[in-house]
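The values are calculated or read from the model by the stated rules, or taken from the named source; none is laboratory data. Just so we're clear, the structure is a prediction, and the values are computed from it rather than from any experiment. FYI the Cβ positions are ideal-geometry reconstructions off the backbone, even for glycines, and counts take in every protein chain you see. Calculation scope for accessible area: heavy atoms of the full protein, side chains included, ligands and nucleic acids excluded. Shrake-Rupley method; radii C 1.70, N 1.55, O 1.52, S 1.80 Å.
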Amino acid sequence: MATPPAFSICVYCGSRPGSTPAFAQTAALVGRWIGEHGGQLVYGGGRGGLMGVVADAALDAGARVVGVIPRALVEREHAHRGCTELLIVDTMHERKRLMAEHADAFLALPGGIGTFEEFFEAWTWRQLGYHDKPVGLLNQDGYYDALLDFLRHGVGAGFMDEGQMGMIAANAQWQPLLEHLVVSAGFPAPHRLGAI
Ligand code: AMP
C-alpha cells in the first residue's frame, strides 16, 4: 500500500499564467517542493495557467495530486486528466468543501477572481471557526501589495481587526511560507520530512 502523504496543501492560483514567466516558475517550485517533501497537492483540477504548472510539477516530483473540479468545467475540457485523483462534483460549493476537507493548510499564489474568492473563503471560514487550518498568501513580487494595503485600510476603518489579520500569513518568499504553513498545521519542520 502507498505511504500516506506527509501533509496536504490546498493551492489556489490563477487559471491563467500571468504576465511574466516568474509566476509560472514559482508555481513550479511550489509544486516540486510539495512532491519532494512527501506532500499531497489539492487544487482546482484544471490544466490551464498556474494551476496546470503547479500540478504538473507536483506530479513530476512524486506528489499525490487531488483535483476537485465541477462537472461543467470537465465538460469544457478544462480538467487535468493526469491527477492522481480527479474528484468531479456537481456544484462549486461541493468542490470548495471537498478541497477544504482534503487539506491541512491553504496557500494562495497569484491569481485572479477565482483565487481571490477561494482565499477569502478559506480565511472567512477560519475566522468563523469552521476550521483552524493555516491560510497563506504568496505576495510574489508585490502582486498582493495593494490588497494587503486595502485590508489594513479595513482595519483602520474599523471593519476588520488585527486578530483577523493574524489569521493569514503573507510572505513574498514561497519557501519560508510553505514551511510556516506545514509547521503551523502541526507537522514536523519540513527538513525532517524528507530531503530535497
Ligand atoms: P482565477 O484566479 O480566476 O484564474 O481562478 C482560479 C481558481 O479558481 C483556481 O484556484 C480554481 O480552483 C478555480 N478555477 C478557475 N478556473 C478554473 C478552470 N478552468 N478549471 C479549474 N478550476 C478553475
Could you sort Val155, Val30 by their accessible area in this structure, using a 1.4 Å probe and putting the largest first? Val155, Val30
Amide H partners (placed H, <5 Å) of Asp104, local residues excluded: Ser8, Ile9, Cys10
Where the chain is the region considered: accessible area per residue in Å², 1.4 Å probe: 50
Between the residues His102, Val66, Ile168, the Cα farthest towards the positive end of the dipole of the chain, that dipole coming from +1 and -1 charges on the beta-carbon of Lys, Arg, Asp and Glu, is from Val66
The percentage of the accessible area of the chain (probe 1.4 Å, all protein chains present) made up of carbon and sulfur atoms, to the nearest whole number, is 54
Got a sec to turn the phi values of segment 9-19 into Karplus ³J(HN,Hα) couplings, 6.51 cos²θ - 1.76 cosθ + 1.60 with θ = phi - 60°, whole Hz, x for Gly and Pro? 10, 8, 10, 9, 6, x, 7, 10, x, x, 8
Given the DSSP H assignment, sum -39500 (n - 2.57) over each helix run of at least 4 residues in the chain and divide by its residue total; what's the result at 222 nm in deg cm²/dmol, nearest 500? -13000 deg cm²/dmol
Pop out the ³J(HN,Hα) list for segment 30-42 in order, Karplus 6.51 cos²θ - 1.76 cosθ + 1.60 with θ = phi - 60°, rounded to Hz; leave Gly and Pro as x. 5, x, 5, 4, 4, x, 5, 9, x, x, 10, 9, 10
Phi angles of segment 158-164, converted by Karplus (6.51 cos²θ - 1.76 cosθ + 1.60, θ = phi - 60°) into ³J(HN,Hα) in whole Hz with x for Gly and Pro, give x, 9, 9, 9, 5, x, 5
Compute the semi-axes of the equivalent ellipsoid of segment 1-156, taking the square root of 5 times each eigenvalue of the Cα gyration tensor, and list them largest first in whole Å. 23, 18, 16
Once amide H atoms are placed 1.01 Å from N in the peptide plane, what residues at a sequence separation of 5 or more from Ala169, or on another chain, have their amide H within under 5 Å of its amide H? Val135, Gly136, Leu137
In a Gaussian network model of the chain with springs linking alpha carbons closer than 10 Å, the residue among Gly163, Gly136, Gly39 that fluctuates most is Gly163
